[in-house]
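Have a look at the structure below before the remarks.
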Amino acid sequence: MTAAAPLRVAVIGSGPAAMYTVEHLLAASANLSIDVFERLFAPYGLVRYGVAPDHQKIKGVTRAFEPLLHDPRVRLFAAVDVGRDLALDDLARRCHAVVAAAGARADRRMGVPGEDLPGSLPATAFVAWYNGHPDFTGLAIDLQRESAVVVGVGNVAIDVARILVLTPDELRRTDMPAYAIEALEASRIREVHILGRRGPAQAAFTAPELKELTTLAGAALRIDPAEAALDPASAAEVERSPDRTLARKVQLIQEIAAAPVPCRPRTIHLRFCVSPLELLPGPDGAVAAVRAVRNRLVASPAGGIAAEPTGEEETILAGLVFRSVGYRGLPIPGLPFDERLGVIPNRAGRVIDPASGAPLPGRYVAGWLKRGPTGVIGTNKPDAAETVRCLLEDADAGCLPAPADPDPASVEALLRARGVQWLDCSDWQRIDELERAAGAREGRPRVKFTSLAAVLEALGRAAPAP
Amino acid sequence: MKLAEVLATKGTGVACIAADAPVSAAIAELAARNIGALVALDAAGAVAGILSERDIVRALAAGRPLDRLAVADLMTPGVICGRLDDDLEAVLAAMTDGHFRHLPVVDGSTLVGLVTTADLAQALLRSLAGRLVTLELRLEAEIDESGVGR
């Protein structure tokens, strides 16, 4: 690489991990050229399609990402699928380094019989549906059932339970697509049961999300005081933890359990130490109930606290079951993948050959594909910083392979040759303006486009040939 | 945060040695890989113990004949193993209290990795840094909404 030639970096994905990668790269070096490849027509990944539509303040994080896409050193290629439209090798031919930051699109399974009955679906699919994700607009979800079970106690589980019980007034303040608002307004769900495998001290949700469940106009939160009580091992864990937010969260759970339950048309039951054993079908073949077992908590040898079934069973009526037991990464063709952990094998963000452990030159990973689907949006900032540090160290050390075709124009030429209709940053800016303007007319943050065809039509472009 | 996440960014593979291998082979392996401990496996491939540099230093100090000993003679047997879904903070506390620095991690009965207190501390630091960034984001959003500073 000559001094004048910019460092060419391809970033796969445009969610928080990708955007923080871009931010750290731009801050560290002036002489680079970054191409961001996004599978969908709109950037920002789970901020747009995962963060709950009634949490607009959190979605506001995109304000920090917006200037990055407008930086003259950055190009956005939206509606371009690496794996379908472009191969990893196409990027490697044109860039010194490729950073996989495509997140975790699949979901983890519960591994219980009946998991695939109609009416049982991943929480991630429901989240994508109510956020207007173009791949999920046609999701079959029967909201005419009266009872739902959400398995898992992370913030996604809390989001799902809350969205299920929002009132029409609450729904109409969000940027949810019209189809979702209409379906949820007509919903007959009365009872939502959130099932946590372990106890209050091990629940992954955060206190503000729980507190929010006590302030809903149309639903009450009910917690059994007996389930809110801590076993001795958990009490010791809370006592020992330097994290005071844990103690505060447990205290909040116990306060809610002890307080009178307000009278509301709908109820969310937050349960602890209960695991599903089996999903039972009704006469129509769809899920009708969850057979569950109560757990006791036992200290694991290494200091963790594990759930152990007691044998005491119960049946919970449920016409809908959402499994919210985690996201799961999907492989990117051309890069290795660790099926057990659901990540691209790496050391501090350098992709490694799983057999030899040796780094694959010019290949990097950031975000959920790097560490697994955990943490909050901000976790991706130090995570991406680590990956960028490795990348720049390797660039300085001359360890990056020289691309055969580093001319940035060659990317566009290739996409044109393959008939791929991509959207760039100015297209996204226009989409954003149109969505916000449509939202303003309805007193909502935005009205999202939910299909590429609609976007292309609004931009006055012909849809790509099928 | 779970141990799975710590392992994810550490790279795959665990440095192992047969429990009946000579100590000299273990020393060569530690030096070649520039690491501080090896997981000793029994004939069935199950975790039999951990041989750390401290075990070797102690044997040297006691004047034991290293050239005639096997890994099993020096290793710490009956080691505690972590599981992929064990919580990081609880494990770190247990390791600190129990004064052990290396923890083999198993998935069922399969050895899938080894974490050190340093790995866990680093992961905890990263997790806390992430939470701090998120709090800053929330604070900025509140300030934007309230109009303070405009």
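The values are calculated or read from the model by the stated rules, or taken from the named source; none is laboratory data. Fair warning: this is a prediction, and the values are worked out from it, not measured in the lab. Using ideal geometry, Cβ is built from the backbone for each residue, glycine included, and neighbour counts are taken over all protein chains shown.
Observations on the model:
- Matching entry among A:Ala102, A:Ala87 (being buried (at least 21 other Cβ atoms within 10 Å of the Cβ) and of a type outside the set (Lys, Arg)): A:Ala102
- Only one of the listed residues (B:Leu135, B:Leu69, B:Leu74) is modelled with pLDDT under 90 and over 16 Å from the mean Cα position of the chain (by Cα). That residue is B:Leu135.
- Looking only at residues in region A:70-105 that are assigned to a loop (DSSP other than H, G, I, E, B) and of a type in the set (Asp, Glu), the one that is farthest from A:Tyr327 (Cα to Cα) is A:Asp71.
- For region A:377-412, taking the residues that are small (Gly, Ala, Ser) and more than 14 Å from chain B (Cβ to nearest Cβ), the one that is surrounded by the most Cβ atoms within 10 Å (Cβ to Cβ) is identified as A:Ala395.
- Region A:353-368, residues that are buried (at least 21 other Cβ atoms within 10 Å of the Cβ) and either facing chain B (nearest Cβ under 7 Å) or on the phi > 0 side of the Ramachandran plot (or both): A:Gly362, A:Gly367
- Residue satisfying condition, being at the interface with chain A (Cβ under 9 Å from one of its Cβ atoms), touching a helix residue (DSSP H, G or I) at 6+ places or on another chain (Cβ under 7 Å), assigned to a helix (DSSP H, G or I) and crowded, with 21+ Cβ neighbours inside 10 Å, within set B:Ala141, B:Ala90: B:Ala90
- Just one of (1) in contact with a Lys or Arg (Cβ under 9 Å, 6 or more places away or on another chain); (2) surrounded by fewer than 22 Cβ atoms within 10 Å (Cβ to Cβ); (3) within 23 Å of A:Ser300 (Cα to Cα); (4) within 10 Å of another protein chain (Cβ to nearest Cβ) fails for B:Arg101. It is (4).
- Tally of residues being on the phi > 0 side of the Ramachandran plot and among the polar types (S, T, N, Q) across region A:42-74: 0
- Checked against (1) more than 25 Å from A:Ala219 (Cα to Cα); (2) within 14 Å of chain B (Cβ to nearest Cβ), A:Ser275 passes all but a single condition, namely (1).
- Answer residue from region A:279-325, given it is within 14 Å of chain B (Cβ to nearest Cβ), among the hydrophobic types (A, V, I, L, M, F, W, C) and not in a strand (DSSP E or B) and is surrounded by the fewest Cβ atoms within 10 Å (Cβ to Cβ) among those: A:Val325
- Residue within region A:294-303 that is out of contact with any helix residue (DSSP H, G or I) (no Cβ under 7 Å at 6 or more places or on another chain), free of Cβ contacts under 8 Å to residues at least 24 places away in the same chain, polar (S, T, N, Q) and under 22 Å from A:Pro200 (Cβ atoms) present: yes
- Entry remark, region A:46-69: residues being part of a loop (DSSP other than H, G, I, E, B) and closer than 17 Å to A:Gly13 by Cα number 3 in total.
- Count of residues meeting criterion [within 30 Å of the chain's Cα centre (by Cα), of a type outside the set (A, V, I, L, M) and over 18 Å from A:Ala229 (Cα atoms)] in region A:286-304: 4
- Within this structure, A:Leu341 passes the test of being assigned to a loop (DSSP other than H, G, I, E, B) and within 7 Å of chain B (Cβ to nearest Cβ).
- Of the helices (runs of 4 or more DSSP H) lying entirely inside region A:182-267, those containing at least 3 residues that are over 27 Å from A:Thr310 (Cα atoms) are A:207-212, A:244-258.
- When residues of region A:42-76 are limited to those that are within 30 Å of A:Asp407 (Cα to Cα) and touching a Leu at 6+ places or on another chain (Cβ under 7 Å), the one nearest to the other protein chains (Cβ to nearest Cβ): A:Leu68
- Residue list for region A:201-233, filter: more than 23 Å from the chain's Cα centre (by Cα) and crowded, with 21+ Cβ neighbours inside 10 Å: A:Ala201, A:Ala219, A:Leu221, A:Ile223
- Residues considered: A:Arg371, A:Arg350. Of these, the only one that is under 20 Å from A:Asp89 (Cβ atoms), buried (at least 24 other Cβ atoms within 10 Å of the Cβ) and facing chain B (nearest Cβ under 9 Å) is A:Arg350.
- Residue that is nearest to A:Arg48 (Cα to Cα) [pool: residues in region A:407-445 that are outside any loop (DSSP other than H, G, I, E, B) and among the basic types (Lys, Arg)]: A:Arg436
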